[in-house]
1. Can you find a residue that is of a type outside the set (Asp, Glu) and in contact with an Asp or Glu (Cβ under 8 Å, 6 or more places away or on another chain) anywhere in segment 247-262?
2. I'd like the full set of residues that are farther than 30 Å from GLU176 by Cβ and over 20 Å from the mean Cα position of the chain (by Cα), limited to segment 214-246.
3. Checking TRP203 against (1) more than 22 Å from GLN216 (Cα to Cα); (2) crowded, with 21+ Cβ neighbours inside 10 Å: exactly one of these is not met. Which one?
4. Out of GLU74, GLU84, report the one residue that is acidic (Asp, Glu), open to solvent by 20 Å² or more (accessible area, probe 1.4 Å) and not in a helix (DSSP H, G or I).
5. If I filter segment 285-297 for residues that are of a type in the set (S, T, N, Q), part of a loop (DSSP other than H, G, I, E, B) and touching a Lys or Arg at 6+ places or on another chain (Cβ under 7 Å), do I get at least one hit?
6. What's the number of the condition GLU122 fails, among (1) touching a Lys or Arg at 6+ places or on another chain (Cβ under 8 Å); (2) open to solvent by less than 10 Å² (accessible area, probe 1.4 Å)?
7. Output the residues belonging to segment 87-98 that are closer than 20 Å to GLN32 by Cα and outside any strand (DSSP E or B).
8. Hey, does segment 19-36 have a residue that's over 19 Å from GLY159 (Cα atoms), part of a helix (DSSP H, G or I) and in contact with a Lys or Arg (Cβ under 7 Å, 6 or more places away or on another chain)?
Amino acid sequence: MKILLIRVSSLGDVLHNMPIVDDLLRHFPDAQIDWVVEEAYVHLVKLNPGVRQIFAFALRRWRKSLFTSQTRQEIKHFFTQLREQEYDLVLDTQGLLKTGIIMGMARITSTGKKIGLANGTEGSGYEGISRIFHTDSVAVDRRTHAVLRGRLVAAYAGGYTVDTPACFGLNKLYTESQPRPAWMPSKPYAVFFHGTAGASKKWPQDHWVQLATKLQSSDMLILLPWGSAAEKAEAEQMASRIPDAITLPKLSMQDAIILAQAARIAIGVDTGLTHIAAAYETPTIEIYCDSPRWKTEGNWSDKIINLGDQGAPASVIEVQEAIQKLLAPVITD
């Protein structure tokens, strides 16, 4: 069986599509699974050994030079590659016009099907016009978790039931037998994923500083990553208030994934790298401040604790108690 997955963006959403691969391969062990994804996230999809071929979709870059000959050639090459083979199943789990067009251009066998979402979930960017490219459309509850939504589309396509916890199947980028990256300390560390694009999704800096005291009592270093100039300034300000905290250099996507995977504990707001830590089942605390917890909370492992909710951020005490629960053998009062 040949299966094409279409989920092009964003970081967290691509990550939350990963359990579909494990589901499909458990039910169809010999399946060939390909994936269309934005070029920025190709490296993430490559971490899943169940994906055979990745088609890099570069719409974000193409838009900037749509009428140049180079861009037109790249677009032509993308669709030529996509149409080189026929698929038994084409699954669009994003439900946008752009992903629908990709689905429309993909070729299927005489008995093949193109299956997508019949509706969006609450707050999603669903575009109903995408249904015109479907042979079958799958309706989901308006409050379906981001991971489950895609799994339900695949389950409908494959004729099975979703009855296991999500498994992301990501290869580890770092093990203790390998040389440490230059930025990685030799001591165990906690990482604070404090940065996010939306100011309302941030957790107060004073709260992070109070948490650091709790963690440093166990001789654990605090690492502060950043992804923009503004986040770097925030990290530096936070580090000035936390003794021995380390503001990291700018990390590549690969190093950022290693950072999440290898942490003793990851604590973060609702952002992609927090979800990557949870996907690796690193002990993770997800803090929700201004986004609905039901949508992306890590619910597949007891190593993940989700706190707060939209309009009701977690307190410092709640997070400290979660740290104690996850690291009970390490931290003492």
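The values are calculated or read from the model by the stated rules, or taken from the named source; none is laboratory data. If you're wondering where the values come from, they're calculated on a predicted model, not measured in any experiment. A quick note on method: Cβ atoms are made from the backbone with ideal geometry, for glycine too, and the neighbour counts reach across all protein chains shown. The area values use the complete protein model at the heavy-atom level, side chains included, leaving out ligands, DNA and RNA. Shrake-Rupley method; radii C 1.70, N 1.55, O 1.52, S 1.80 Å.
1. yes
2. ALA229, ALA230, ALA233, GLU234, GLN237, SER240, ARG241
3. (1)
4. Testing whether each residue is acidic (Asp, Glu), open to solvent by 20 Å² or more (accessible area, probe 1.4 Å) and not in a helix (DSSP H, G or I) leaves just GLU84.
5. Within segment 285-297, one or more residues are of a type in the set (S, T, N, Q), part of a loop (DSSP other than H, G, I, E, B) and touching a Lys or Arg at 6+ places or on another chain (Cβ under 7 Å).
6. Every condition holds for GLU122 apart from (2).
7. As a first pass, look at segment 87-98 and keep what is closer than 20 Å to GLN32 by Cα: 87-93.
Answer for segment 87-98, where residues must be closer than 20 Å to GLN32 by Cα and outside any strand (DSSP E or B): just THR93.
8. Applying the first criterion (over 19 Å from GLY159 (Cα atoms)) to segment 19-36 yields 34-36.
With the extra rule that they be part of a helix (DSSP H, G or I), the set shrinks to none.
Looking through segment 19-36, none of the residues is over 19 Å from GLY159 (Cα atoms), part of a helix (DSSP H, G or I) and in contact with a Lys or Arg (Cβ under 7 Å, 6 or more places away or on another chain).
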